[in-house]
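Each remark here refers to the structure printed beneath this line.
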Amino acid sequence: MKAWNKDDAPSEHPEPWGLRGVFSTLKVLDNRVIPFCESYLNRLIESAKRQAMPWIPDISLLEQKLAQFSSETSPDHGLIRICLFEDLLGFSSRPAVSDGNPVEGWLLHYRRKDPIIKSTEDKDLYGSLGELEIEKEDWVIIDPKDNDLRETATSNLIFAKGNELIIPEKWVLNGIVLQKLLPFLEERFSVTRAIPQDQDISSFDEIILCGTGRGVAPLTTLSELGWSSQGDEIFSEIRTHYEELLRSA
C-alpha cells in the first residue's frame, strides 16, 4: 500500500471502507500491461466529479503514480486498486485469485446510493466481501424494494437463455469490462437491456459475471432462489472473446 497527499507528500494509506471517496480496480497482466487503463482512470475522475470531491488530480498525475506503484508491485499481484479520498491518493495491490473461477452466489438485499460510481462510502457492500471466499463466492445484489437482480458486489451480470441475453443497464455500474464486451455481445447474440426479478431467474440457463477481478466468470448456483447453471456454452464463448481483448490490449 502507498499513498500521497495533494501536496505529493507520502502518507499512510487508510482503511478505505466508510471514508468519503471513490475507487477503481485495474488488472495488471504478466507483462505489466494494464488493459483499458485510460478508461478506468477517466471513470475514476468522472466519479470524483460526480461526488464533488474537493481534490481531483489530473489524469497525468494518476498515470505517473500508477506507473510508479505498478513498477514496485509484486509480480504475482494482478490487481491494483486506486482510491481517491478528500485529500489523498492511495494505491494497493493483491493477487487476482478470482479470475475466471466458477462463482457461488449469495443474495444481498442492498441499494447503493449512487450505483454509477464506485464509492468507498459503501462500507456495508464492499466491507461485507470479507465474509466470503472471494475467489469462489460473491454477493448478488437484490433490490430490497423491487426484488430485481442488478449486479454483484464485484461484477456486472449477464443472464443467458439460448441465444438471448438480458443485461441490466439502469441502476448499475456499467463496468469497463462489460463496455468492452458489448459490441461483440450485440453482434453475436440478441441483447435486451433490462433487469430480471427474482421470480424470473429460473428461466435462465446461465448467469455470467463480468468484472475487472473476475474477468468473465460463470455463476454456478444461487441456492436461495433455487437456481443452478444448466451449462457453460455462452460463458465459454464470451470468455474466449474476453481473452482475445486482453491479448490485443
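Tabulated data for the structure shown
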{"quantity": "DSSP beta bridge pairing in the chain, given as percent antiparallel to the nearest 5", "calculated": "80 percent"}
{"quantity": "Gaussian network model of the chain, springs between alpha carbon atoms under 10 Å - residue of Ala96, Ala48, Ala194 with greatest fluctuation", "calculated": "Ala194"}
{"quantity": "The chain: angle of helix 233-247 to the longest principal axis, Cα-based, in degrees nearest 10", "calculated": "20 degrees"}
{"quantity": "Largest-first ellipsoid semi-axes for segment 88-187, taking √(5λ) over the Cα gyration tensor eigenvalues, angstrom", "calculated": "22, 17, 16"}
{"quantity": "Acute angle (nearest 10 degrees) that the helix 37-50 long axis makes with the longest principal axis of the chain, alpha-carbon atoms", "calculated": "80 degrees"}
{"quantity": "Rg to Rh quotient for the chain, alpha carbon positions, Kirkwood Rh", "calculated": "0.96"}
{"quantity": "Alpha-carbon spread of segment 6-100, three principal axes, descending order, Å", "calculated": "35, 26, 26"}
{"quantity": "Descending principal axes extents, segment 165-239, alpha-carbon based, whole Å", "calculated": "31, 26, 25"}
{"quantity": "Cα pair count fraction exceeding 13 Å, expressed as % - segment 209-249", "calculated": "58 percent"}
{"quantity": "Spatially proximal lysines relative to Lys118 (Cα-Cα < 29 Å; intrachain offsets below 8 disregarded)", "calculated": "Lys2, Lys6, Lys27, Lys49, Lys65, Lys136, Lys145, Lys170, Lys180"}
{"quantity": "Cα centroid separation - segment 136-197 against segment 93-124, whole Å", "calculated": "14 Å"}
{"quantity": "Angle in degrees between helix 59-71 and the longest Cα principal axis of the chain, rounded to the nearest 10", "calculated": "90 degrees"}
{"quantity": "Gain upon complete extension [Asp124, Glu12; 0.36 nm per residue less C-alpha separation]", "calculated": "38.0 nm"}
{"quantity": "Vicinal HN-Hα couplings computed from phi for segment 195-200 (Karplus, 6.51 cos²θ - 1.76 cosθ + 1.60; Hz; Gly/Pro x)", "calculated": "10, x, 8, 4, 6, 7"}
{"quantity": "Sum of side-chain charges, Ser190 neighbourhood, beta-carbon under 12 Å (Lys, Arg +1; Asp, Glu -1)", "calculated": "0"}
{"quantity": "Probe 1.4 Å - accessible area at Glu243, Å² to nearest ten", "calculated": "70 Å²"}
{"quantity": "Lys136 - accessible surface, heavy atoms, 1.4 Å probe, Å² rounded to 10", "calculated": "100 Å²"}
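The values are calculated or read from the model by the stated rules, or taken from the named source; none is laboratory data. Source: prediction; values computed, not measured. Because the Cβ atoms are built from the backbone with ideal geometry, glycine has one as well, and the counts that use them run over all protein chains shown. When the accessible area is computed, the model is the full protein with side chains, heavy atoms only, and any ligands, DNA or RNA have been set aside. Shrake-Rupley method; radii C 1.70, N 1.55, O 1.52, S 1.80 Å.
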